[in-house]
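What follows is a single structure, written as structure tokens, with notes after it.
The values are calculated or read from the model by the stated rules, or taken from the named source; none is laboratory data. Being a predicted model, the structure only gives us computed values, none of them experimental. Here the Cβ positions follow ideal geometry from the backbone for every residue, glycine too, while neighbour counts run over all protein chains shown. What goes into the accessible areas is simple: the full protein's heavy atoms, side chains included, and nothing from ligands, DNA or RNA. Shrake-Rupley method; radii C 1.70, N 1.55, O 1.52, S 1.80 Å.
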Amino acid sequence: MTDSDIGYLTPVIDEDGAPFWQYAARGQLRIQACASCDELRFPPRPCCPHCRSFDSTWRRMSGRGRIWSYVLPHPPLLPGYAEQAPYNAVVVELADAPRIRLVGNVVAAADAPLNSVDPELLSVGAPVRVAFTAASGGVTVPRWLLER
């Protein structure tokens, strides 16, 4: 059963964000950086908000971070997620780029169900590391694993 069969949301890939998803498919977490002033930016966009340069590069991240915030949706807002409840949605602050935050789910393993982690184990500040899994439409998405 694929994510689209279940009814999960999948990313809409645009021109600016396409490299993020291409690197994810290779198992790499990369964040767009300005080639002129070196500032990181996420979500990806054509122009640097700091120096207004249109030149950019993609910097590899360690894949480590911490839970900045999380929620357990009650009830699930979309029917496709109802069987997964209770599941989490987290905001992760990257360790090597504290101003960069990504949204995802904490799971027990990259391909584990969204409800594979006991909600009691989640806390703001908990260390996590990235793992990648294939979603529908050939897109690879980052998920997060708790670090001990």
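Label separation (Ala108 vs Leu121): 0.8 nm, computed from points 7 Å beyond Cα along the C-beta direction. What FRET efficiency would be calculated for the residue pair Ala95, Ser136, taking the C-beta separation as r and a Förster radius of 22 Å, to the nearest 0.05? Efficiency at R0 = 22 Å is approximately 0.15.
One chain, two ends: Leu77 and Ser36. Fully extended at 0.36 nm per residue, the span grows by 10.6 nm beyond their Cα-Cα distance. In a simple Cβ point-charge model (Lys, Arg +1; Asp, Glu -1; nothing else charged), the chain has a dipole of about 500 debye relative to its Cα centre. Roughly speaking, to the nearest percent, how much of the chain's 1.4 Å accessible area is carbon and sulfur? Using a 1.4 Å probe with all protein chains present, the chain comes out at 52 percent carbon and sulfur.
Report the extension gain between Tyr8 and Phe54 in nm, rounded to one decimal, defined as 0.36 nm multiplied by the number of residues separating them, less their alpha carbon distance.
On the way: separation 46, 0.36 × 46 = 16.56 nm, distance 3.37 nm.
Result for the pair: 13.2 nm of gain on full extension.
Express the accessible area of the chain per residue in Å², computed with a 1.4 Å probe while the remaining protein chains stay in the model.
56
Provide the gained length on full extension for the span Arg45 to Gln22, in nm with one decimal, where the gain is 0.36 nm per separating residue minus the Cα-Cα distance. Could you put the intermediate results ahead of the total?
Numbers: separation 23, 0.36 × 23 = 8.28 nm, distance 1.57 nm.
Computed gain between Arg45 and Gln22 is 6.7 nm.
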